[in-house]
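Encoded as structure tokens, the structure appears first; notes follow it.
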Amino acid sequence: MRTNGFAYFKGEGAPSLASDVAERVRRYARKVLVGTEDEFTEIEGARISGKREVTLAYSLEKGGFPLVHGYVVGPSTLDGEFSLLGKEDDGVYGARDSLGTRGLWAVKSGKGAGSIASDYRMLRGAELVPPGTTYAKGRTGRTAGALHESTGTPSFEEAAKALASLIDGSVRRRVHGQGRVAISFSGGLDSSLLALLASRHADVVLCSAYALGSRDEKQSESAAALLGLKLEAGVLDEEALAKASRGAELPPGDATVMDKALWCIYTTTSELARRRNARMILLGQLADELFGGYMKYAVKAREEGAGAAEAMMRQDVMACADRGFLRDEAACSASCEVRFPYADERIAAFASRLPLDYKIREGERKAVLRAAALELGLPEELAAAPKKAAQFSSGVAKLLKRQ
């Protein structure tokens, strides 16, 4: 059963906790299901009083165990973007993918110990399980799909071709079987490449959100025209941003202007996707962290050397699992399923092999990704598009700072 979120509650308070959470989930879920064994029913018709184990899900599809938040390619390998809840003879277990694209939260001691959830909004006071781990009986272990670095360094040209093949395969796997797919679109390199590749396997609609007069307003329109794809735009003014910010349910921790800006952007683009009957939206997260897209990496390399810059990039990749993915997936989940094609184990493992001067090359950031985009047929104008963080290029951060 593929879900947008699940929670497994254990202990005497399981029924009441499940009922309370179900009421909160109704605000953003299209369908809420509850299960006490292997069968799931609508919450209204469920009999859960007196149960010591209750499973709750807000879902796109009905079915039985295992519950997968995200998607899995091959149940034996656990390859994909997922948090997963399953049942074996000795009890319930959970698992999280190695890049942490979906959350897995667990109560490890005290009341409700053993409870697990894929959505931080469904299990308060729980701890976030690290990426690439399974959780069962209060203990963690490695998942079968844990990320490992490969050895050997190809030439720059070989690297660009290999990367092109990996990205093409990642997008193809994620959009397989979808009639229509949306792209959260700025007109930059990352989203333009996803749009181009997805359009070879599905009907694509580009969804943009920006403030009037921002760079993204012009860039998204011109890029969509170059790609020959449909564009849906949502204009974000101060009133719209204030409303979206009030409704934000960000991950635990201090919320920054960037958090609020990206929440507003992705809730808007995913809503546009839903209106155009796309059940899935693709986001370009990790392209910058894996391939040196941010200026801070070039500055770090210049001031402290390549090793320091590479360490910063690795830290930023892992930091996405603690907040960025959780925030962005939650922002989209009320409207459609989100997938992150650059956050692919194969791509991440390959990127870890490449030296920094393939990524930041003669002053050009994301050099090998740009070369791969050209290999895949992306127009040169889009492959060379300069990097600017979404919260700034959209003009949203500027408006939020006024509030």
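The values are calculated or read from the model by the stated rules, or taken from the named source; none is laboratory data. Quantities reported herein were computed from a predicted structural model and do not represent experimental measurements. Positions of Cβ are backbone-derived with ideal geometry, glycine not excepted, and every protein chain shown enters the neighbour counts.
Tell me yes or no: at least one residue of the range 208-231 is under 28 Å from ARG24 (Cα atoms) and either out of contact with any strand residue (DSSP E or B) (no Cβ under 7 Å at 6 or more places or on another chain) or not in a loop (DSSP other than H, G, I, E, B) (or both).
yes
Please verify whether VAL21 is assigned to a strand (DSSP E or B), at pLDDT 85 or above and surrounded by 13 or more Cβ atoms within 10 Å (Cβ to Cβ), treating the condition exactly as stated.
no
Here's a check for you: in the range 135-185, which residue that is closer than 26 Å to GLY86 by Cβ and of a type in the set (A, V, I, L, M) is modelled with the highest pLDDT?
That would be VAL175.
Being touching a strand residue (DSSP E or B) at 6+ places or on another chain (Cβ under 7 Å) and either surrounded by fewer than 19 Cβ atoms within 10 Å (Cβ to Cβ) or polar (S, T, N, Q) (or both), is that true of even one residue in the range 294-315?
yes
Applying the selection to the range 68-115, what residues are in contact with a Ser or Thr (Cβ under 8 Å, 6 or more places away or on another chain) and in a loop (DSSP other than H, G, I, E, B)?
LEU78, ASP97, SER98, ARG102, GLY103, LEU104, VAL107
Among LYS243, LYS230, which is the only one that is surrounded by fewer than 17 Cβ atoms within 10 Å (Cβ to Cβ), closer than 21 Å to ALA195 by Cα and not small (Gly, Ala, Ser)?
Matching residue, one of LYS243, LYS230: LYS230.
Name, by its number, the condition in (1) surrounded by fewer than 17 Cβ atoms within 10 Å (Cβ to Cβ); (2) hydrophobic (A, V, I, L, M, F, W, C); (3) closer than 20 Å to ARG274 by Cα that does not hold for PHE156.
Among (1) surrounded by fewer than 17 Cβ atoms within 10 Å (Cβ to Cβ); (2) hydrophobic (A, V, I, L, M, F, W, C); (3) closer than 20 Å to ARG274 by Cα, the lone unmet condition for PHE156 is (3).
Being of a type outside the set (D, E, K, R) and under 16 Å from the mean Cα position of the chain (by Cα) is the filter here; which residues of the range 112-127 pass it?
If the condition is that a residue be of a type outside the set (D, E, K, R) and under 16 Å from the mean Cα position of the chain (by Cα), then SER118, TYR120 are the ones that fit.
Here is a check on your reading of the model: is ASP190 within 24 Å of LEU166 (Cα to Cα), among the acidic types (Asp, Glu), at pLDDT 95 or above and crowded, with 19+ Cβ neighbours inside 10 Å?
So ASP190 passes the test.
Mind counting the residues in the range 5-41 that are within 27 Å of the chain's Cα centre (by Cα), without any contact (Cβ under 8 Å) to a residue 60 or more places away in the chain and under 25 Å from GLU88 (Cα atoms)?
Of the residues in that region, 6 qualify.
Among the residues of the range 243-259, are any out of contact with any Cys (no Cβ under 6 Å at 6 or more places or on another chain), without any contact (Cβ under 8 Å) to a residue 40 or more places away in the chain, part of a helix (DSSP H, G or I) and charged (D, E, K, R)?
yes
With the condition kept exactly as written, say whether any residue in the range 309-325 is within 24 Å of ALA160 (Cβ to Cβ), in a loop (DSSP other than H, G, I, E, B) and not β-branched (Val, Ile, Thr).
Checked against the condition, which is being within 24 Å of ALA160 (Cβ to Cβ), in a loop (DSSP other than H, G, I, E, B) and not β-branched (Val, Ile, Thr), the range 309-325 yields no hits at all.
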